[in-house]
Amino acid sequence: MMEHDSNNVDSVNVEEVAVVGGSQSTEDEGARLLLEKENSVRKNAIKGCGGNNITSALINVYSSILMFAIHLISLECLLSIALSVYFTIYTYRKTEGDDFDGSVMSWTLLSFAVITPMTSSIRMAFSRREVALSHLSVVKSTLLSIYSAHACWNWATPKKEGRDPAFDWLQHTDKILKTSVQLCNELMRLLTLPTSTRARHRVTCYGRKEAKDIEYVMTKLHLTILDRMGNITDLCEDLKYQGLPPNEATRIRQWERMLIEKIEMLLVAKKYRTPQALRSFARLFSIFLPPLYAPFYSQMATEMNSLAMGITFSVITCIALTALFESIVQIEDPFTGKVALDGIDVSKELGDDFREQLLSYRLHHFANAQPFQMKLNQN
């Protein structure tokens, strides 16, 4: 009879791994501390908040309500609620005691004219976010591969010498590392620029000027990124001069092409969104269509002999529609992880986290090198 608690299973696995990993004292101590932390994280996740499933469920519900209130309740929502409540009360007072039937109003218009287009927009925006995540992963992995190629590739054969030990390979690879960090920093700045594709950027003078300023900055950052790519290409030429075979150089050139291609795809995802006409349609109808159903809310209040119930239903309808539209707005720009719920945290992906990965590669290839230091605004 084998009844094992999942916490115990995790603890056993951690101990087994810790026994295997003991060679160097420093690395073993670091691995042991990491595994202890991992074990603690797993136990806490399984145990839940306060060790009680009910407590965990209540905290999750509270968190969802708080998240909904902070991110999905907008000024458009409040405007729609105010209009719906006003017209519901007005209709109820005007038709009180009359032979009135507001239930004849059909909800088909609301379903097909508003909800269906908005759900399609959410699907398109989320797909664009997933594609952008894929492109970001390729950019990071390609830069890491290029760094490794410059840091450790050796072309020695019985008839041919490999790397020249007199050449300063640390300095050479630090140039690659520095250029990669600068490229990622500028790409991060470009992707986190404000959007320039809203309705106001097309139809108002202020909006057109704002869009022009944003596009100017975007163009300059794009050119700077291309200049960094040129530096990476030049460093590959230095590697060829040191004896890198043409076939290996061709592979690096393929990685460079892939890198440029993925950066351009990220730029396209930044510039082009879901159809502007569809977004404008969804915004207006999510605000002004629920108040038009005031006769239905009034009929509900009459039949239930409760005006409060009719008002409550009108408020719920407004919140549902405007929150659905706000979900579109939140994910419309996939690179807004700092201000939106489901956006990509580009500053984390291309900033601190990626620099740590590059420095880890540097430490692996040049264990005795001095710590790498640079300023991001340094040319």
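Where a number appears in this text, it was derived from the coordinates with a stated rule and is not lab data. This structure is a prediction, so every number in the text was calculated from the model and none was measured. So basically every Cβ, Gly included, is an ideal-geometry build from the backbone, and we count neighbours across all protein chains shown.
Remark on region 265-372: hydrodynamic radius 18.2 angstrom, per the Kirkwood mean of 1/r across alpha carbon pairs. The Cα atoms of the chain cover 103, 69, 33 Å along the three principal axes, with the biggest extent listed first. Counting only alpha carbon atoms, the long axis of helix 205-241 and the longest principal axis of the chain meet at about 20°. Measuring nothing but alpha carbons in region 57-197 and taking Rh as the Kirkwood radius, the Rg to Rh ratio lands at 1.33.
Note on residue 209 and residue 373: their simple-model spin labels are 4.4 nm apart, each label 7 Å out from Cα toward Cβ.
For the options 39, 305, 185, a Gaussian network treatment of the chain with springs between C-alpha atoms closer than 10 Å singles out 39 as fluctuating the most.
When peptides 312-318, 156-162 are ranked by their average number of other Cβ atoms within 10 Å per residue, the highest-first order is 312-318, 156-162.
With charges set only on the Cβ (+1 for Lys and Arg, -1 for Asp and Glu), what does the dipole of the chain come to about its Cα centre, in debye to the nearest 20?
Working: 40 positive and 42 negative charges, 296 e Å.
About 1420 debye.
Pairs of Lys residues in region 168-283, spaced 8 or more positions apart or belonging to different chains, with C-alpha separations under 24 angstrom: 17 in total. For the chain, adding -39500 (n - 2.57) for each run of n ≥ 4 DSSP H residues and dividing by the number of residues yields -25000 deg cm²/dmol at 222 nm. Charge dipole (Cα centre; +1 on Lys/Arg Cβ, -1 on Asp/Glu Cβ; no other charges) of region 128-227 amounts to roughly 580 debye.
Grab the eigenvalues of the alpha-carbon gyration tensor for region 163-321, scale each by 5, take roots, and send me the semi-axes largest first in whole angstrom.
In descending order, the three semi-axes are 58, 18, 13 Å.
Region 263-285 and region 70-128 have their alpha-carbon centroids 24 Å apart. Sorted largest first, the principal axis extents computed over the alpha-carbon atoms of region 109-165 equal 78, 17, 6 Å. Once the chain from residue 308 to residue 172 is taken as fully extended at 0.36 nm per residue, the excess over their C-alpha distance is 41.6 nm.
State, to one decimal in nm, how far the label point of residue 352 lies from the label point of residue 41, with both points 7 Å from Cα in the Cβ direction. Label-label distance for residue 352 and residue 41, simple model: 1.5 nm.
Taking the Cα atoms only, what angle lies between the long axis of helix 6-20 and the longest principal axis of the chain, rounded to 10 degrees? The answer is roughly 10 degrees.
Averaging sequence separations of C-alpha pairs under 8 Å and six or more residues apart, then dividing by the length of the chain, give the relative contact order as a whole percent.
Details: 348 pairs, mean separation 112.2, N = 379.
Rounded, it is 30 percent for the chain.
Helix 307-332: angle to the longest alpha-carbon principal axis of the chain, degrees 0 to 90, nearest 10? Approximately 20 degrees, to the nearest ten.
Report the extension gain between residue 278 and residue 62 in nm, rounded to one decimal, defined as 0.36 nm multiplied by the number of residues separating them, less their alpha carbon distance.
Here the answer is 74.4 nm.
Under the simplified labelling scheme, the residue 316-residue 107 pair shows an inter-label distance of 1.0 nm, with each label point 7 Å from Cα along Cα→Cβ.
Over region 158-245, what lengths in whole Å, largest first, do the semi-axes of the equivalent ellipsoid take, defined as the square roots of 5 times the eigenvalues of the alpha-carbon gyration tensor?
They are 44, 11, 8 Å, listed largest first.
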